[in-house]
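Q: Here's a structure for you.
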Amino acid sequence: MSWFTKTLTSSIGRKLMMALTGLFLITFLIIHASGNLQLLANDGGKAFNMYTKFMTTSPIIKTVSYILYASIIIHVIWAIMLTRLNQTARPAGYEYDKLGQSSSWASRSMMLLGTIILIFIVIHMKTFWFVYKFGSIDMVSYDGEEYKDLYSVVVDAFKNPLYTGFYVVSMVFLAFHLAHGFWSGFQTLGLNHKKYTPLIKTVGLIIAIVIPIVFAIQPVYVYLFA
Ligand code: HEM
């Protein structure tokens, strides 16, 4: 076994992979949440459709997308492997974990939260990503150029109160997952410093609150005003 394979399959290597893919996924979420704000442009979908065309055709962003899909898969598989490893090493769990005195509810529920987010991602990709890539979708023309009308697909989906409700509730779970994940990722990477740790924790908390709110605003806005 090479040192590379050994490192990746060791306990710390697995944690490292979780941290690196997790932090990359958070970067994606920040870009995805801000980019999708075009939905609120109140222009019949022009800005949003132009933005999605750019995001799905630019060769650099296409390459990043493949890294994104791989990161989601690795993050999920490694999470399952680490959980199993921890259960074998410590089947009953720590007494203080049960009391929740030294660990937050979010930190003890990362697997449950992650599973809910994974279900969200599968449903989300089926509704938008799959339809955009493989479904039949209307075309619109702006300034003589043709665009897929993904905006109408998004509006149709969010006009359903159940679907919008599902998004808003899922964002609460995302908030808790991010609240622990951001700080934990940096800790795994070795950042444990008297001066910087409180800063990382604060930035993590801000991200965990702002990103899910920005995401949740979008379906609610479309439901109410589009
Ligand atoms: C609630 C607001 C959201 C809206 C309106 C939205 C909208 C979209 C749309 C329209 C697409 C397909 C077009 C594209 O590939 O760029 C997409 C793709 C995607 N979304 Fe979202 N999204 C939201 C939230 C989320 C959240 C919270 C996550 C993850 C937890 C997520 C993960 C993804 C992923 C992984 C893709 C595939 C990206 C790619 O192919 O590069 N989205 N989203």
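Q: Taking helices (runs of 4 or more DSSP H) that fall entirely within the range 104-210, which contain at least 3 residues that are touching a strand residue (DSSP E or B) at 6+ places or on another chain (Cβ under 8 Å) and over 21 Å from Leu20 (Cβ atoms)?
A: Answer list for the range 104-210: none.
Q: So Ile206 clears everything in (1) within 13 Å of the ligand (Cβ to nearest atom); (2) at pLDDT 95 or above except one condition, right? Which one?
A: Failed condition: (1).
Q: If the requirement is being in contact with a helix residue (DSSP H, G or I) (Cβ under 7 Å, 6 or more places away or on another chain) and more than 15 Å from the ligand (Cβ to nearest atom), which of these qualifies: Leu178, Leu174, Leu191? Quick ask: steps written out before the conclusion?
A: Values: Leu178 fails: more than 15 Å from the ligand (Cβ to nearest atom); Leu174 fails: more than 15 Å from the ligand (Cβ to nearest atom).
Unique residue meeting the criteria: Leu191.
Q: Now a separate question. So if I check each of Val153, Val214, Val222, which one is farther than 23 Å from Ile26 by Cβ and touching a Leu at 6+ places or on another chain (Cβ under 8 Å)?
A: The conditions single out Val222.
Q: In the range 117-171, what residues are aliphatic (A, V, I, L, M), within 18 Å of Val222 (Cβ to Cβ) and away from the ligand (no atom under 12 Å from the Cβ)?
A: Within the range 117-171, Val140, Leu162 qualify.
Q: Restricted to the range 50-76, and to residues that are in contact with a Leu (Cβ under 8 Å, 6 or more places away or on another chain) and farther than 15 Å from Trp129 by Cβ, which residue is nearest to the ligand (Cβ to nearest atom)?
A: Ser71
Q: Ok, one more. Where in the range 1-85 are there helices (runs of 4 or more DSSP H), lying fully within it, with 2 or more residues that are surrounded by 15 or more Cβ atoms within 10 Å (Cβ to Cβ)?
A: Once the helices (runs of 4 or more DSSP H) in the range 1-85 are filtered for at least 2 residues that are surrounded by 15 or more Cβ atoms within 10 Å (Cβ to Cβ), what remains is 11-35, 46-57.
The values are calculated or read from the model by the stated rules, or taken from the named source; none is laboratory data. Bear in mind that the values here come from a model prediction, so they are computed numbers and not experimental data. We place every Cβ from the backbone using ideal geometry, glycine too, and count neighbours over all the protein chains shown.
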